[in-house]
Structure formats: structure tokens, C-alpha cells
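Novice: Before I ask anything, here is the structure I am working with.
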Amino acid sequence: MVQIFIASISGFLSLHFFNILPPYWYLLLLIAIGIIIFIVCRNVIVICFSLAILWVVFDANQYINDIDSIPKNRTNITIDVSVSTLFNENIPVENFEVKVLNLHSAKVDFVFPVRLMVMWKDPPQLKQGQVWRLPVRISRIVGRVNQAGFDGEQYALSRGIHGRAVVNSGNVIPIRISSSTSLRQQWLDQITPLLKNRDNQSYLTALTFGLRDGLKAQDWVYLRDSGLAHLLAISGLHIGLAMLMGWWLGYVLRLCLPQTHYWLWLPLLSGLAFALGYAWLAGFSLPTLRALLMCLIVGILRITAIYWLPWQVVLVTVGICLLWQPFVSYSAGFWLSFGAVIIFLALMMTDDTPDLVALPWYHRGYQKIKYLCKLQGYLLLLMLPMQWWWFGGVSLAAPLTNLVAVPWVSIITVPLVLIGVITSWWPWLSSWCWLLADLSLNPILNVAAWSHGAWMMLPAAITSWLVIGAITIVVWPLLPLRFFRWLYCSVIFIVVSWRWESNHHQQPQWTLSVLDVGHGLAILIEKQQRVFIYDTGNSWNENSIAKSVITPILAYKGITAVDGLILSHADSDHAGGREYLIQRYQPIAKYSSDQRAEFSECVLGQAWQWQGLDFVVKWPPKVTARATNSDSCVIRIQTIGGQGPSILLTGDIDAKSELVMLMQIQAWQADIIIVPHHGSNTSSTQTLLNTIQPSLAVASIGHFNPWELPSQTVKKRYQDNHIDWLSTQDSGQITITMTDDDYSLKRQRDYSQQWYRPKWLTKQ
């Protein structure tokens, strides 16, 4: 059995290594080889491995086919959908998931079922389970692809979402076809009035139904910094507590019933029912599914009197999860959830704690506290690689806060929440439970707020050290330290020498990265771990490109300070993140072409040097109260002395300003040009191209932008002048590395190529 599940899990996870999906004939050939090996050697490893690959490739092809059924360009259609998202009537939500039931358009032929993320501004009161006929503008999902930061395409895959839709506010009115709501929604509606006046109602709703829409950005910052975010993901801890409560209830009932063998398994079955119910309330999220499967497996083993080791239970649970949801391994929850369980089991199996029965009570207490501290320390160290991979950092306060918060929430808050849910049809008792649960969260949230600032971003350069450290922690207790000392010293010397060599190889002169920010512009100019930023991208609600894209990339590179910030002009898609960047990084030099406090003027004739680079301002001739497109700060950058490639940063300068600017008698040639105004018809005149004579043009453009940029006329103009054209909408982040006499390119979409990335982007 162990070999079967190890081979199957390996086959399921092999999907991560495919840039393109293998053809079915290749997989059938692999299965045939597995059958031959089974007949000859009686070994099932190859056949299980190949069948697992066949299963995930089939699901992946089905996912791609459903995406391909959506038009490449945005299309207006009318669809019938079933609402999948759970709604709290006290929390306004504009984005929700739906399942397509029917469509009323000959333009689209769906392969059912298709799941969409819908945006509906100012919607009526929606409920899970309702059926609506919606006029929408539908599109495929194209996420931003950068060195670091949120990956929208991978997130959509992990949730099984195929596309996006925006409800049109035109002549066609949305119609509610069915008002029926799901039982889960009805239960939430029953509890919502009881939580209306509670200070921590968003946290209580998250602990009960897994609904976290009510949490604000600052709440997530506190939870991240304290390492307590996992407490709001209904996980194995909560499911285990629910099963324990059910077990005790079943045990009491069994004592009240006739003592016959019919009721022997009542406590276990009652516990499994409670666990199943709580997992259902949470929407069968991954952590709850994992915990529920483990409970079910343990229950079946107990009833059938079969003994399995704990790691065998975990192995089977991983295999069933991947079989049921093949794309779940693309989510952080899968790796963090199972990683924590595996670390916990490994610590239990190697535990050398003395027998506590014969010890005095104070020694027993000391040993338990010591064990909890050891567990938290191991979790912090061994989870570091996974924490960095998914979130780019780690909470230094997590061991201490979890030592306090986990027992408190487990013993006090979660039981009160469960009793409040069960007694929701008895409002008086339920209200008291919710009140006490609300009060019990106050000290935990105070601890979370106290931990603010404890989050440490980790650069990519230390990734290998994290992996080496985690392996060392695991292997160290197993090594015969008294022997083979020279072998250990040799291994340490080789590893340190390898890292020293990799960290001190010759650095390129400088790099320029045009980030994938959708419609807008953000450019990083980097040399020797120092950075200058030209434009900051857009901002919206409580977020911005500066926070969601620039900060993760700087952390990935190990850059903690920004030397300078340039704002080309005042439009939000170029300067929306300025306040966040200034507050977080406090750049020393700041330039803009409009009048801003503490900013230097970015005007014609202005020049400065930084890290051996010359920055020369070519436009505008004067500052204004508010800089518009025509006032964009145009800068030419090249190594001091005119050596190496040169770059012209153009902002959103328009055609009229281009012509006036070029009338000046000065050096204009540049090897690389950032396409003005995202490739709009208002810019990139033939005179500009003739004067600049670039060999490469880079455009920062977002897919499905309402202006349908870039203009095909402008793009053709560049190509007719034998200028290579690159855009972030097709290539993701574009990094240009300068050498003494040339430059090289790195397209992030090519570098992070995966089978689920939209291949049609390169064909447009």
C-alpha cells in the first residue's frame, strides 16, 4: 500500500514539472510499460505512477478546454449562473464566484461546468444557491507575472476558476430566476443577527463558516505579523475539537442508552458527524478536508481493528486529496497544512521526553511547556522554506504568539463558537455563547496587534540556505557525530565555498526591469543591490501596485532601501503608489515634473549621477501645478562616459510634446525606448523613431484595457522601422541586463512557463 500511494502522489505532483501537457499516446505507452513491469516483476509502482499522471493530465486538459471555450477578447453575453459564494448580509461584496448553468449567445460554446469570478458593482442582496440571469462581459484570466508577488493565474487554477465576468449596467436588467438558497446560507442568515453588534464579528464568521470577506487590510497585516492567520482557516485543530465534542456527546448518550453492542461505536460516529458538519459549514476548504479525511480514516481503522502508523494515515490522506482535487497542490494551504502535520508527526516519532507519570506535577508541567516550545521552534525553522516560497517572509513572533493563542482559541473560543452554531435556533443561549466567544478573542487580537512589525521579508539569495538549514535540522539527530568528523567538515567547506562563489560572481553593470503592472507603469533601475524607481503603478481601495508588486520584488531581491523615486506625471496609473513607497522606503532623492513638497524638479537640463549612471532629463521645460501626459518627465540613462546601451524613459508624453522636445540640439539616440503612453495613437511619431533610432521598444500594457491598447498602427510603425517590440501583456515582467557593449532580455512568462499559462498570448 505504501508503494502505491507514494507512486500515485509522485504522479499527481509531476504536473508541476510540465511546461506543456504530454499527449495521451505518450501516457498510454507509459501505462503499457507499467503493465509489463507488473506482469514480469509483480511491481505496481510504474503503473500507479503512470495512471496518476494520466488522471491529472486529463483534468488539466479539461481545464484548458473550458478556458479555450471562452473568447480571447472580451465578449458581451447573457448567462444563467448559480451563486457559489457565501454572503454575510452585513458585509458588502462586489466579487463572487458562480457556476455557469446556461448561456444565451451563439458566440460562446462552453464545456460545462465553467466557474467564473464575477464583479458586480452595487449588487442587490445575493445569497448562495440563487440562480441569476446576468448580462456580462466575459473574458479569460490573464494575471500579472513578475519575479515575485501574487500570481492570479495560479490562484485561479487552485480554485478551479476559468474566467472573469463583469455585470453590464446597460439596457438588459439582471433577473433573479430562483430565490432558493443553500442550507449553509440559511444557517449563516440565522446567525448573522446574533453577531451584528459584536466587535469581532468578522473573526467569528471566519471561525464558523470560513468566510473572511469582513476582515480589513489592517487585520490581515496583524495576523500575518503575528503568525496567527492559520487560526482563521478552519483547520485540523478546529475539526479535531469538533470531533472531540461529538465524541463526548456520543459517550454521554451511550451511557443513557441500553448497554448493548449496538451503541458501541456511538461516540466515534457522533464525533465523525460533528467533524463532517463543521467541515461542511466551512465549505470543505482544504485544511478542513484534510482533517476530515484523517478523522474518517482513523475512524474506519478503529471500527475495523486495523492498525496503521500515523505517517501512513497522512500518506493516504495526501493521496486522496490529490485524487479528489488534482490542482490543490497549487495552493499554499496544501503545502503549509500537510507540512505542519508532517513536522508534528516527525517530532512525535523522535520525541525523547521522559515518562511523565512518575514525575511531580511541577516537573510534568515544565516538561509539557518545554515540549510546546520545542514544537514551535521546529515549526518555525522547518516551515521557513515553505513560508518564504509562498509569502516571501516569516513571522518572528509566531512561536511565542502561537504558544499562547493556539491553546486559548482551542480550549475557549472554538467550543463557544461550536455551541453558538448548534444552538442558533435557541437565540438566548446562542447569543450568550457568541458574546463570550467575542470577548475571548480580545486578548488574542491584542497579542496580534502587539506583534505588528514582526514580519521579516526574506530575499531569494538565502533560499538555498533555508533548504540546507531545514535538511540539517532533520538529519542532525541521526548523524553519528563522534565519527566521520572530517567528512562533515568537508561537506561544510564545499557548501560554504559554493555559496561564496555564487554570491561573488561578476555582477552585470546594471539592470532595468519593466514590471507587469497591468495598465500603468513601474520601472526598477538596479545596480549593486541599490535601486531607483521610475513611476509606481496604480492604486485602488486599500491596495496598490507598490504594495502588491514592487514591495515583493524588492524583498525577493533582498533590497530594503530605495535610493530614488521619479514620478513622470500625476496620473494614478503612474503615481498611484507614491505615498506607500515614500512611507515604507523613504527614498532620499525624489523627482517629479509637477510641484510637490519635498520633491526636486524634473525639468529640461536637470541631470544627476547615481551608481555610475548618468540621468539626463529631456522634458518638460518647466514644472506645473499638476503634470499631465504632455508634461511627462522624459529621462535618458546611460553609463557615465557614454559607455554601454542607453535607455529613454518617456512616461505618457504626447505627439506634440515629442516634436517640440526633439527640436532641441542634443544627443537623442537611445538603444532602448519605453513606448510612450502605452502604445497609444497620441504618441510615438515617426519623427521620434527616426531621431531616437532604438533597436528595442518595451510597452507597459495591461490585457483587456478599455482603450484597446496598444494601437496596431503604432505597433506596426515600430516594426516597420525594424525595432523589436516587447510588451508586458505578452511577456510579463521584462528585465533588461546591461553589459559593456550590449544587453540581454529576460521575459518572465518564458522563465516561469507552466502548462496553465495562456499560450494564446504569444500567438496574438
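The values are calculated or read from the model by the stated rules, or taken from the named source; none is laboratory data. Keep in mind that this is a model prediction, so the values were computed, not measured. Neighbour counts run over all protein chains shown; Cβ positions are idealised from the backbone, glycine included.
Novice: Kindly evaluate Ser285 against the criterion of being more than 34 Å from the chain's Cα centre (by Cα) and of a type in the set (Gly, Ala, Ser).
Specialist: Working: more than 34 Å from the chain's Cα centre (by Cα): no; of a type in the set (Gly, Ala, Ser): yes.
It is false that Ser285 is more than 34 Å from the chain's Cα centre (by Cα) and of a type in the set (Gly, Ala, Ser).
Novice: Given the structure, is Arg159 more than 22 Å from the chain's Cα centre (by Cα), surrounded by fewer than 20 Cβ atoms within 10 Å (Cβ to Cβ) and closer than 30 Å to Val414 by Cβ?
Specialist: Judged against the criteria, Arg159 is not a match.
Novice: Based on this model, can you work out whether Asp750 counts as touching a Leu at 6+ places or on another chain (Cβ under 6 Å), in a helix (DSSP H, G or I) and within 30 Å of Val56 (Cα to Cα)?
Specialist: no
Novice: Could you check how many residues of segment 170-186 are in contact (Cβ under 8 Å) with a residue 24 or more places away in the chain, surrounded by fewer than 19 Cβ atoms within 10 Å (Cβ to Cβ) and within 25 Å of Ala242 (Cα to Cα)?
Specialist: Qualifying residue count, segment 170-186: 2.
Novice: Also: Working only within segment 599-635, note down all residues that are more than 37 Å from the chain's Cα centre (by Cα), among the β-branched types (Val, Ile, Thr), outside any loop (DSSP other than H, G, I, E, B) and within 19 Å of Trp668 (Cβ to Cβ).
Specialist: Selection gives Val616, Val617.
Novice: Follow-up question, since we're still on this one. Could you check segment 202-211 and list, in sequence order, the residues that are closer than 14 Å to Val414 by Cα and part of a helix (DSSP H, G or I)?
Specialist: Listed by number, the residues that qualify are Tyr203, Leu204, Thr205, Ala206, Leu207, Thr208, Phe209.
Novice: Follow-up question, since we're still on this one. I need the full set of residues from segment 576-605 which are of a type in the set (S, T, N, Q), surrounded by 18 or more Cβ atoms within 10 Å (Cβ to Cβ) and out of contact with any Phe, Trp or Tyr (no Cβ under 6 Å at 6 or more places or on another chain), in order please.
Specialist: Correct list: Ser593 only.
Novice: Now, a different point. Looking at Ser139, is it crowded, with 19+ Cβ neighbours inside 10 Å, touching a residue at least 12 places away in the same chain (Cβ under 8 Å) and of a type in the set (Ser, Thr, Tyr)?
Specialist: Values: crowded, with 19+ Cβ neighbours inside 10 Å: yes; touching a residue at least 12 places away in the same chain (Cβ under 8 Å): yes; of a type in the set (Ser, Thr, Tyr): yes.
So Ser139 fits the description; yes.
Novice: Tell me which residues, restricted to segment 31-46, are over 34 Å from the mean Cα position of the chain (by Cα), within 14 Å of Ala7 (Cα to Cα), in a helix (DSSP H, G or I) and touching a residue at least 12 places away in the same chain (Cβ under 8 Å).
Specialist: Of everything in segment 31-46, those that are over 34 Å from the mean Cα position of the chain (by Cα), within 14 Å of Ala7 (Cα to Cα), in a helix (DSSP H, G or I) and touching a residue at least 12 places away in the same chain (Cβ under 8 Å) turn out to be Ile31, Gly34.
Novice: Given the condition of a type in the set (Val, Ile, Thr) and in a loop (DSSP other than H, G, I, E, B), answer yes or no: does some residue in segment 667-675 qualify?
Specialist: yes
Novice: Just one of Leu613, Leu659, Leu581 is among the aliphatic types (A, V, I, L, M) and in contact (Cβ under 8 Å) with a residue 60 or more places away in the chain; which is it? First the steps, then the outcome.
Specialist: Values: Leu659 fails: in contact (Cβ under 8 Å) with a residue 60 or more places away in the chain; Leu581 fails: in contact (Cβ under 8 Å) with a residue 60 or more places away in the chain.
Going through Leu613, Leu659, Leu581 in turn, just one is among the aliphatic types (A, V, I, L, M) and in contact (Cβ under 8 Å) with a residue 60 or more places away in the chain: Leu613.
Novice: In segment 710-738, which residues are surrounded by 13 or more Cβ atoms within 10 Å (Cβ to Cβ) and β-branched (Val, Ile, Thr)?
Specialist: Val714, Ile723, Thr728, Ile734, Thr735, Ile736, Thr737
Novice: In addition: For segment 55-79, which residues satisfy the criterion of being buried (at least 18 other Cβ atoms within 10 Å of the Cβ) and out of contact with any Gly (no Cβ under 6 Å at 6 or more places or on another chain)?
Specialist: Trp55, Val56, Val57, Ala60, Tyr63, Asp66, Ile67, Arg74, Ile77, Ile79
Novice: Any chance segment 275-291 includes a residue that's in contact with a Leu (Cβ under 9 Å, 6 or more places away or on another chain), farther than 30 Å from Ala52 by Cα and in contact (Cβ under 8 Å) with a residue 60 or more places away in the chain?
Specialist: The answer is yes; a qualifying residue exists.
Novice: Additional query: Pick from segment 270-311 the residues that are in a helix (DSSP H, G or I) and β-branched (Val, Ile, Thr): which of them is surrounded by the most Cβ atoms within 10 Å (Cβ to Cβ)?
Specialist: For segment 270-311, the residue satisfying everything is Thr288.
Novice: If you take the residues of segment 508-543 that are surrounded by 24 or more Cβ atoms within 10 Å (Cβ to Cβ) and among the small types (Gly, Ala, Ser), which of them is farthest from Ser731 (Cα to Cα)?
Specialist: Only one residue fits best here, namely Gly537.
Novice: Right, something else. When you go through Gln606, Gln586 one by one, which is the residue that is farther than 30 Å from Asp151 by Cα, among the polar types (S, T, N, Q) and free of Cβ contacts under 8 Å to residues at least 60 places away in the same chain?
Specialist: From the options Gln606, Gln586, the qualifying one is Gln606.
Novice: Then there is this: Does Ala697 fit the bill of being modelled with pLDDT of 95 or more, small (Gly, Ala, Ser) and in the same structural domain as Ala570 (by TED's automatic domain parsing)?
Specialist: yes
Novice: For segment 40-50, which positions are surrounded by fewer than 19 Cβ atoms within 10 Å (Cβ to Cβ) and either modelled with pLDDT of 90 or more or not aliphatic (A, V, I, L, M) (or both)?
Specialist: Correct list: Cys41, Arg42, Asn43.
Novice: Something else now. Do we find a residue being surrounded by 15 or more Cβ atoms within 10 Å (Cβ to Cβ), without any contact (Cβ under 8 Å) to a residue 60 or more places away in the chain and in a helix (DSSP H, G or I) anywhere in segment 636-651?
Specialist: no
Novice: Still on this model: On the given criteria, is Val714 modelled with pLDDT of 90 or more, of a type in the set (A, V, I, L, M, F, W, C) and part of a helix (DSSP H, G or I)?
Specialist: So Val714 passes the test.
Novice: Please determine whether any residue of segment 380-390 is within 31 Å of the chain's Cα centre (by Cα), modelled with pLDDT under 75 and more than 25 Å from Ile6 (Cα to Cα).
Specialist: Yes, segment 380-390 has at least one match.
Novice: Of the residues that make up segment 394-406, is at least one among the β-branched types (Val, Ile, Thr) and within 23 Å of Ile553 (Cα to Cα)?
Specialist: So far as segment 394-406 goes, yes, one or more of its residues are among the β-branched types (Val, Ile, Thr) and within 23 Å of Ile553 (Cα to Cα).
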